[in-house]
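Accompanying notes for the structure given below.
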Amino acid sequence: MPRIREHLIEEKTRHGKIRHLFHRRPDGRRITVKGKPGEVEFENRYQWLVNGGDQILDLEKSAVERQRSGSAPLTVHELGSHYRTFVDKEHGRSALSSYTIQHYGRFTDRFIRDFGPVHLDTITPHQLERILDGWSGTDNAWNNALRAIKHFFKYARVHWGLKPNPAEEIEKRKVVTNGFEPWEHEDINQFFKTHPLGSTAHLAMMLLLNAAPRRSDLVRLGPTNIIHIDGLPHLKFVPQKTEHTSAIPVTIPISYELQAAFDKTTTGDDTFLITEYGHPFTAEGFGNKLASWRDAAGVRSCVATHGLRKSVGIDMAENDATPYEIMAALGHSSPKVTKVYTEAADRRKLSSKASKKANLTKLALQSQVNPEGGTQ
């Protein structure tokens, strides 16, 4: 079997056909390279093997053998195969939502693809931080990537006993933000002036003000969400964000104004809100549509769908709703989230009281009065 170039052997089979084998001496296995020397596909495959592709194939083969035998994974790629199976099972039993899987998958799939051959016991927290730095342009993006990688390595620790966990000691970055801009009364009034009763825009705004759902919940609300308690109509739904965790339902009385919007607006069989073509909105599609309705009404461009949820929470707090009442109305699973609205309401009240007690602005008027009591 003549060696026609580095690591490449040419041999004739018992059927008289010529084949080419890649063999890295002294212990490398023989790998068939399809095609003929000089062909693009052949040369690309040969060069990949020369650059270490044969070693990657060896790792993949041993990984499959370890996986079949139930042995613990050694590399990122091996762990990734187990992790993907785990995620699919978690989704099947409703422990992970499709949104969470998609969100985590953006980062874990990239990590598995870029660092597949790396041995798990060689990964350090400092290396992970450098990887996150390369992926992320903002602190929020960095935190999102970290959350996904932590979930990946938490699985490794819980299910395979991987220690130490290189992601465990990495802390998320502190992000200073005021969050979503709330809609003010003037914004809402301006919106209703442009979008009267009977329009889909009016009904959408009434649903947002009455039940304060997130976009993902709003577009799913329909006739099946109406129940009657003591003869009075209510909206009842489980927020998509918590349907796989607490699954606590939100139950809100339907106001007179919202009922009037139902009665006067064309709605769908499955969802209250429908597009001009009669189809339900997607969450992203509704966000874009609300933005166009907002712009048509001349409302500030800095406010969006979630800002209305914030407005409702602040309004409840300003009208003396307790934190736990707001939690129930907005479907919060923790009082920490509700605290954002109660603190905003408290700051507004305290600011208003403080401003009324300040007298320095009166100096502007006093300066216009002359010593004889007249004006200058």
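The values are calculated or read from the model by the stated rules, or taken from the named source; none is laboratory data. These numbers were taken from a predicted model, which means no experiment stands behind them. Don't worry about glycine lacking a Cβ; one is built from the backbone with ideal geometry, like all the others, and counts go over all protein chains shown. All accessible areas refer to the heavy atoms of the entire protein, side chains included, with ligands and DNA or RNA removed. Shrake-Rupley method; radii C 1.70, N 1.55, O 1.52, S 1.80 Å.
Here are some notes:
- Matching residues, region 290-331, being open to solvent by 60 Å² or more (accessible area, probe 1.4 Å), assigned to a helix (DSSP H, G or I) and without any contact (Cβ under 8 Å) to a residue 40 or more places away in the chain: Asp295, Asp315, Pro323, Tyr324, Glu325
- Just one of (1) in a loop (DSSP other than H, G, I, E, B); (2) farther than 30 Å from Glu90 by Cβ; (3) open to solvent by 40 Å² or more (accessible area, probe 1.4 Å); (4) among the β-branched types (Val, Ile, Thr) fails for Ile227. It is (1).
Quick grid of which residues meet (1) assigned to a helix (DSSP H, G or I); (2) touching a strand residue (DSSP E or B) at 6+ places or on another chain (Cβ under 8 Å); (3) open to solvent by 60 Å² or more (accessible area, probe 1.4 Å):
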{"position": "Arg130", "(1), (2), (3)": "yes, no, yes"}
{"position": "Ala141", "(1), (2), (3)": "yes, no, no"}
{"position": "Asn144", "(1), (2), (3)": "yes, no, no"}
{"position": "Phe153", "(1), (2), (3)": "yes, no, no"}
{"position": "Val158", "(1), (2), (3)": "yes, no, yes"}
{"position": "Pro166", "(1), (2), (3)": "no, no, no"}
{"position": "Ile170", "(1), (2), (3)": "no, no, no"}
{"position": "Val175", "(1), (2), (3)": "no, no, no"}
{"position": "Phe180", "(1), (2), (3)": "no, no, yes"}
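- Candidates Asp263, Asp217, Asp270: the one that is part of a loop (DSSP other than H, G, I, E, B) and either under 22 Å from the mean Cα position of the chain (by Cα) or modelled with pLDDT of 90 or more (or both) is Asp270.
- Selection of region 242-298 for residues being closer than 15 Å to Ser216 by Cα and β-branched (Val, Ile, Thr) yields Thr242, Val250, Thr271, Ile274, Thr282.
- Scanning region 167-203 for residues that are modelled with pLDDT of 95 or more and among the basic types (Lys, Arg) yields a count of 1.
- Considering each residue of region 38-47 in turn, at least one proves to be more than 23 Å from Pro117 (Cβ to Cβ), under 46 Å from the mean Cα position of the chain (by Cα), surrounded by fewer than 12 Cβ atoms within 10 Å (Cβ to Cβ) and of a type outside the set (D, E, K, R).
- Lone qualifier among Ala212, Ala247 - being at pLDDT below 95, within 22 Å of Met316 (Cα to Cα) and either aromatic (Phe, Trp, Tyr) or open to solvent by less than 60 Å² (accessible area, probe 1.4 Å) (or both): Ala212
- Of the residues making up region 230-260, those that are in a loop (DSSP other than H, G, I, E, B), touching a helix residue (DSSP H, G or I) at 6+ places or on another chain (Cβ under 7 Å) and closer than 15 Å to Gly331 by Cα are Pro239, Ile248.
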